[in-house]
1. Any idea how many residues of region 54-80 are more than 15 Å from the chain's Cα centre (by Cα) and either aliphatic (A, V, I, L, M) or in a loop (DSSP other than H, G, I, E, B) (or both)?
2. Identify the single condition in (1) at pLDDT below 85; (2) surrounded by 12 or more Cβ atoms within 10 Å (Cβ to Cβ); (3) more than 21 Å from D64 (Cβ to Cβ); (4) basic (K, R) that R163 does not satisfy, given that it satisfies every other one.
3. From the list G109, G168, exactly one residue is part of a loop (DSSP other than H, G, I, E, B) and of a type outside the set (K, R). Which is it?
4. If I ask for residues that are modelled with pLDDT under 85, closer than 21 Å to L23 by Cα and not aliphatic (A, V, I, L, M), which ones from region 111-158 would you list?
5. Could we say that T94 is of a type in the set (S, T, N, Q), in contact with a helix residue (DSSP H, G or I) (Cβ under 7 Å, 6 or more places away or on another chain) and either surrounded by fewer than 17 Cβ atoms within 10 Å (Cβ to Cβ) or touching a residue at least 24 places away in the same chain (Cβ under 8 Å) (or both) here?
6. Applying the selection to region 200-253, what residues are among the acidic types (D, E) and either without any contact (Cβ under 8 Å) to a residue 24 or more places away in the chain or in a loop (DSSP other than H, G, I, E, B) (or both)?
7. Taking region 114-132 as the region of interest, how many residues are more than 16 Å from the chain's Cα centre (by Cα) and surrounded by fewer than 17 Cβ atoms within 10 Å (Cβ to Cβ)?
Amino acid sequence: MTPSLTLGPVAGTPLSRMNPVALLTAMIVVTLVLITSLDVVTPAVVVAAELCLLPAAGLTDLRDLWRRTWPLLLGAGSVGIVNVLLGDDATVVTGVGLALRVVGLALPGVLLVAATDPVRLADALTIHWRVSTRFAFGALAAMRLVPLLIAEFESVRLARRTRGVEAGRNPVARARLLAGVAFALLVGAVRRGSRLATAMDARGFDSGIPRTNARGSELHRRDAVLVAGTVGVCAVAVTLSVLAGAWSPIFVG
């Protein structure tokens, strides 16, 4: 199994026992807090709390953690550097705050993917949030196909390398080869999606008849504790930011 295929949920962790709806609610709370303030203290506190949850999600292997978060870290660093270099009044503190905000907004998604089985997520959405089954299980199918897409990308890349088609150290040739592989994957994904949509319609997802749920989904006290803890952490982050004189809400001109 290739490393890319190990980026799914980690079973048997404390966070995996949480209801997916509770995790999504906690993500919404964090998102609302981080997008309403432009200071550096609030995201710093929130990111510190999120990092404490990494062991609870089973993300203790540094290599596995790097494979899951390197696009996030690259994007956060780019946002911070670009704003410092191109912003009129931007400082290093401003860039660090923006980078931390990106990390704070994206890291809960990493925790959600690592702690949640997509089937449980679809069940929870349809039962607790009354999401359309067609949408929920369509999203479930898409999540199931992501590892397959990654596997096909690696297969195509290795097949081209076997035939001697390599870019070497030429960045232009590398970008051209990557674009060709991406186009091939896009065509395959569209064809697979069309077949999957036809199969779902054939199984009655387009009938309009209410569907029952065989597995079920229950909310427990630990889910309420998780959401309450998230609200508490966000409240502490905002309070510390206000006390430090750094709080800068976006709704204040």
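The values are calculated or read from the model by the stated rules, or taken from the named source; none is laboratory data. Quantities reported herein were computed from a predicted structural model and do not represent experimental measurements. Neighbour counts run over all protein chains shown; Cβ positions are idealised from the backbone, glycine included.
1. Residues meeting the conditions: 6.
2. That leaves (2) as the condition not met.
3. Going through G109, G168 in turn, just one is part of a loop (DSSP other than H, G, I, E, B) and of a type outside the set (K, R): G168.
4. S132, T133, F135, F137, G138, R144
5. yes
6. Applying the first criterion (among the acidic types (D, E)) to region 200-253 yields 201, 206, 218, 223.
Residues satisfying the conditions are D201, D206, E218.
7. Qualifying residue count, region 114-132: 5.
Conditions (1) in contact with a Leu (Cβ under 8 Å, 6 or more places away or on another chain); (2) small (G, A, S); (3) not assigned by TED's automatic domain parsing to the domain that holds L105, marked per residue:
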site: T13; (1), (2), (3): no, no, no
site: T31; (1), (2), (3): yes, no, no
site: T36; (1), (2), (3): no, no, no
site: V40; (1), (2), (3): yes, no, no
site: V46; (1), (2), (3): yes, no, no
site: C52; (1), (2), (3): no, no, no
site: D61; (1), (2), (3): no, no, no
site: G77; (1), (2), (3): no, yes, no
